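The values are calculated or read from the model by the stated rules, or taken from the named source; none is laboratory data. Model, not experiment: these values are computed from the prediction. Note that each Cβ is placed from the backbone with ideal geometry, even for glycine, and that neighbours are counted across all protein chains shown.
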Amino acid sequence: MPKVKIDAERCKQCMLCVEFCPRDSLRISERTNLKGYHPVEQCDEESCTGCGICALVCPSVCVEVYR
Ligand code: SF4
Ligand code: SF4
């Protein structure tokens, strides 16, 4: 199963990865990082295909996808 790793402290809550994920596998979390943003988390690991789009579109380069 693919694994998505998100560096929550670097996430700026821009929502690009959430919008572009074709499987709706990502969401904004309820917790807050040190900069005051709600970082993205994976909400449905089983639907993730490991396509890597979330990592490609992230302007903060805080998403890594392992297949
Ligand atoms: S790897 Fe693809 S399917 Fe998985 S969370 Fe990222 S954009 Fe969505
Ligand atoms: S694209 Fe990157 S910075 Fe933007 S919400 Fe997703 S993980 Fe956070």
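Could you tell me whether the range 12-27 includes any residue that is modelled with pLDDT under 95, in a loop (DSSP other than H, G, I, E, B) and not acidic (Asp, Glu)?
no
Could you please give the count of residues in the range 44-59 that are more than 9 Å from ligand 1 (Cβ to nearest atom) and surrounded by 15 or more Cβ atoms within 10 Å (Cβ to Cβ)? Outline the logic, then answer.
We begin by selecting, within the range 44-59, every residue more than 9 Å from ligand 1 (Cβ to nearest atom); these are 46, 58-59.
Of the ones still in play, those that are also surrounded by 15 or more Cβ atoms within 10 Å (Cβ to Cβ) are 58.
Selection size over the range 44-59: 1.
Any residue in the range 39-51 that's outside any loop (DSSP other than H, G, I, E, B): show its pairings with residues that are of a type in the set (Lys, Arg) and within 9 Å of ligand 1 (Cβ to nearest atom) at Cβ separation under 7 Å, as long as the two are six or more apart or on different chains.
Ser47/Arg23
For the condition not in a loop (DSSP other than H, G, I, E, B) and not acidic (Asp, Glu), what is the one hit in Leu56, Leu34?
Numbers: Leu34 fails: not in a loop (DSSP other than H, G, I, E, B).
When all the criteria are applied, what remains is Leu56.
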